[in-house]
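Novice: Encoded as structure tokens, here's the structure I'll be asking about.
The values are calculated or read from the model by the stated rules, or taken from the named source; none is laboratory data. Keep in mind the model is a prediction, meaning the values are calculated, not measured. Positions of Cβ are generated from backbone atoms using ideal geometry, with glycine treated the same way; all protein chains shown enter the neighbour counts.
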Amino acid sequence: MNPVRKRRPRYSGKNPRKFEEKYKEHRPEEYPETVAKVIASGKTPAGTHIPIMVKEILGILAPSPGKTYVDCTLGYGGHAREILTRIQPGGLLIGMDVDPLEQPKTEARLREAGYGPDTFKVLRSNFAGIRRALAWDSLKGVDGILADLGVSSMQLDTPDRGFSVKWDGPLDMRMNPDKGIPASRLLQDCTAEELCRIFQENADEPHALRLSQKLYGKVFARTTELATALQQVLGTLPEEERTLSIRRVFQALRIEVNQEFAALETLLKHLPDCLKPGGKVVVLTFHSGEDRRVKKAFQQGLHQGLYSDISDEVTRPGPEECRLNPRASSTKLRWALKAGSE
């Protein structure tokens, strides 16, 4: 007896709207034309991530055969693939990522592209573990380091991860769902003073006091529940200002849940020791809290003689890249050059 074939659920309208309905975007190798149309429209295909400022990063890091690099935020692997193609033969890339859901998928894609363990090694860790990554491979230093601090599109666009105000999902926001507490628990456990600090320090939220007094100790199980509550608290403000505040609150909670600033400060502290003399580091940031920390660390490193040169100003993506990938618009790139020569 032949098994009954289960039909794929259909969606209403001309185009799929729900994340799980965008099956063609989830299978780019089978539907390249559909994926190309999505990108051309200025959107990121579901389940993927468009790497930012690739040309600028490669120009600074200058990967070449036989060199060794670390990608501190492997993500979908777009930057990693570009580096890997340029360091063969004899080169090595160590990819780090804390996400247990996306990291195996990316490793599998790059393995299928022909990059074996001798060329590409993967470590399940956030960028605070960079010294462990080098010790794990008995490396005293590398030729270049890349840290793209942005949240991946796969995380933002997957409702079950709870990162985005755009989708209804559990209010989680953990990069590693196996560790820590979700954002829903954080809100429930924080005092008004603690929540106010989180909103101010993590997102420069001007309405932090007002919001914290209304939200602390309350239970919000879903992203939409929190978004609705924020709309009600900010109801007298203009729509654009409300939208920005809601985004900042989600950002602040995500940073706190994942202890992103603590991890970044650990990375910045260890960077000089992880680079070979003459090696370079590139960091992409996406909001002022990150950029301030990177700028200060690079300036201090230059003053102390750890770096021989640093970027004077931030580099931003060009207008065409921002048109094709709107998520690139807030990106700031800074770099530093390790003092000494090989």
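Novice: Which numbered condition in (1) surrounded by fewer than 22 Cβ atoms within 10 Å (Cβ to Cβ); (2) not in a helix (DSSP H, G or I); (3) not assigned by TED's automatic domain parsing to the domain that holds ASP309 is the only one that GLY90 fails?
Specialist: (3)
Novice: Could you list, in sequence order, the residues of region 116-150 that are in contact with a Gly (Cβ under 9 Å, 6 or more places away or on another chain) and in a loop (DSSP other than H, G, I, E, B)?
Specialist: THR119, GLY141, GLY150
Novice: Oh, and also: Determine if region 99-116 includes at least one residue that is in contact (Cβ under 8 Å) with a residue 60 or more places away in the chain, out of contact with any Pro (no Cβ under 7 Å at 6 or more places or on another chain) and of a type in the set (Gly, Ala, Ser).
Specialist: no
Okay, residues lined up against (1) assigned by TED's automatic domain parsing to the domain that holds CYS274; (2) modelled with pLDDT of 90 or more; (3) touching a Phe, Trp or Tyr at 6+ places or on another chain (Cβ under 6 Å):
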position: ALA40; (1), (2), (3): no, no, no
position: PRO45; (1), (2), (3): no, no, no
position: PRO65; (1), (2), (3): yes, yes, no
position: TYR69; (1), (2), (3): yes, yes, no
position: LEU74; (1), (2), (3): yes, yes, no
position: ILE83; (1), (2), (3): yes, yes, yes
position: ARG86; (1), (2), (3): yes, yes, no
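Novice: Could I ask something else about it? Can you tell me which of (1) out of contact with any Asp or Glu (no Cβ under 7 Å at 6 or more places or on another chain); (2) surrounded by fewer than 19 Cβ atoms within 10 Å (Cβ to Cβ) is the one PRO100 doesn't meet?
Specialist: (1)
Novice: While we're here: Would you check if there is a residue in region 247-257 being more than 15 Å from ALA147 (Cβ to Cβ) and more than 21 Å from the chain's Cα centre (by Cα)? Even if it seems obvious, please write down each step before you answer.
Specialist: Our first condition is that a residue be more than 15 Å from ALA147 (Cβ to Cβ); within region 247-257, this holds for 247-257.
Next, only the ones that are more than 21 Å from the chain's Cα centre (by Cα) stay: none.
No, region 247-257 contains no residue that is more than 15 Å from ALA147 (Cβ to Cβ) and more than 21 Å from the chain's Cα centre (by Cα).
Novice: Considering GLU240, GLU320, which residue is surrounded by fewer than 20 Cβ atoms within 10 Å (Cβ to Cβ) and under 30 Å from ALA183 (Cβ atoms)? Let's see the steps before the verdict.
Specialist: On the way: GLU320 fails: under 30 Å from ALA183 (Cβ atoms).
The conditions single out GLU240.
Novice: On the basis of being of a type in the set (D, E, K, R), assigned by TED's automatic domain parsing to the domain that holds PRO63 and farther than 14 Å from VAL257 by Cα, does ASP143 make the cut? It would help to see each step written out before you state the result.
Specialist: Details: of a type in the set (D, E, K, R): yes; assigned by TED's automatic domain parsing to the domain that holds PRO63: yes; farther than 14 Å from VAL257 by Cα: yes.
For ASP143, the condition - of a type in the set (D, E, K, R), assigned by TED's automatic domain parsing to the domain that holds PRO63 and farther than 14 Å from VAL257 by Cα - is met.
Novice: Follow-up question, since we're still on this one. Quick one: would you say PRO51 is under 30 Å from SER311 (Cα atoms), at pLDDT 95 or above and out of contact with any Leu (no Cβ under 6 Å at 6 or more places or on another chain)?
Specialist: On the way: under 30 Å from SER311 (Cα atoms): yes; at pLDDT 95 or above: no; out of contact with any Leu (no Cβ under 6 Å at 6 or more places or on another chain): yes.
No.
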